[in-house]
Amino acid sequence: MRARSRLPEGGGPSGLVPMADLLSNTVGISIFILAFAVLQSGGASVPKRLPMEHSTEAKPVYFVCQNEMLLPLDSSLTDRLYDDLGEPSYSTAKEWVRKFNEKTVGDSFFDVVPQGDARFNRGAFQSDVRLELTAEYRPKPEVGDSIESLSTETSAFHSQLEGLSPTEHFAYFFVYPDSIELFREARDHAKIHFGVGSGWGPMSAGKPIRFILSGGRGGGITPSKQ
């Protein structure tokens, strides 16, 4: 059966491994991690308004704040990794994973690189195979909105917010240490001009964003409204 994507992994060790493991830490731990990353990055400002988690059925819409640029992240891109592969079985798992790893998908902002493995368990009476699939989002160069342009009507961020329902969606930001001020501006713009709430997860510098699609390790960032 088709593997379905879970939510992305954070900036912890081996880093969706924040689309390899997903963080499920408390808000206090997340704040500490971000503050520590900020101190190591050279003293960027920590948001003054500390986030508080809220229970909500609204769905996250992802944005990445990295290299002082804001990029929309389309988590549905991972669905295209399964196109034309069919359903894997024990006998076809190895070849299925090979074809999965050769897939190339992306959009104007990210290339999505699949990484899969087939773990075989061969027993005397029963054998099975477990697929461990992830997808790494790699930002394309020189794309996205700067802190000066994100609030303009021509920005990708502004255009995407226009199509969101504040009761059905919230903006979720993956925040790297070099882009904390950008995140603050984007969060405030979403709330003030569109009434859209937000959440965020700290990312360690140099750590990629990966989504766990099946199997693999637990943990990582669990996006929530704050």
The extension gain from Glu102 to Ala205, computed as 0.36 nm times the residue separation minus the Cα-Cα distance, is 34.3 nm
At a threshold of 8 angstrom on Cα-Cα distance, excluding pairs fewer than six apart, so keeping six or more, what relative contact order does segment 137-222 reach in percent?
30
Extension reserve of the Glu153-Ser76 stretch, reckoned as 0.36 nm per residue once the Cα distance is removed
25.3 nm
Listed residue pairs exceeding 29 Å between alpha carbons, taken from Lys59/Lys94; Lys103/Lys191; Lys99/Lys140
Lys59/Lys94; Lys103/Lys191
When ranked by the protection proxy of mean other Cβ atoms within 10 Å per residue, highest first, what sequence do the peptides 150-160, 98-108 form?
150-160, 98-108
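A short reminder: the numbers here are calculations on the coordinates, not readings from a lab. This one's a predicted model, so the numbers in the text were calculated from it and none came from an experiment. Virtual Cβ from ideal backbone geometry, glycine too; neighbours counted across all protein chains shown.
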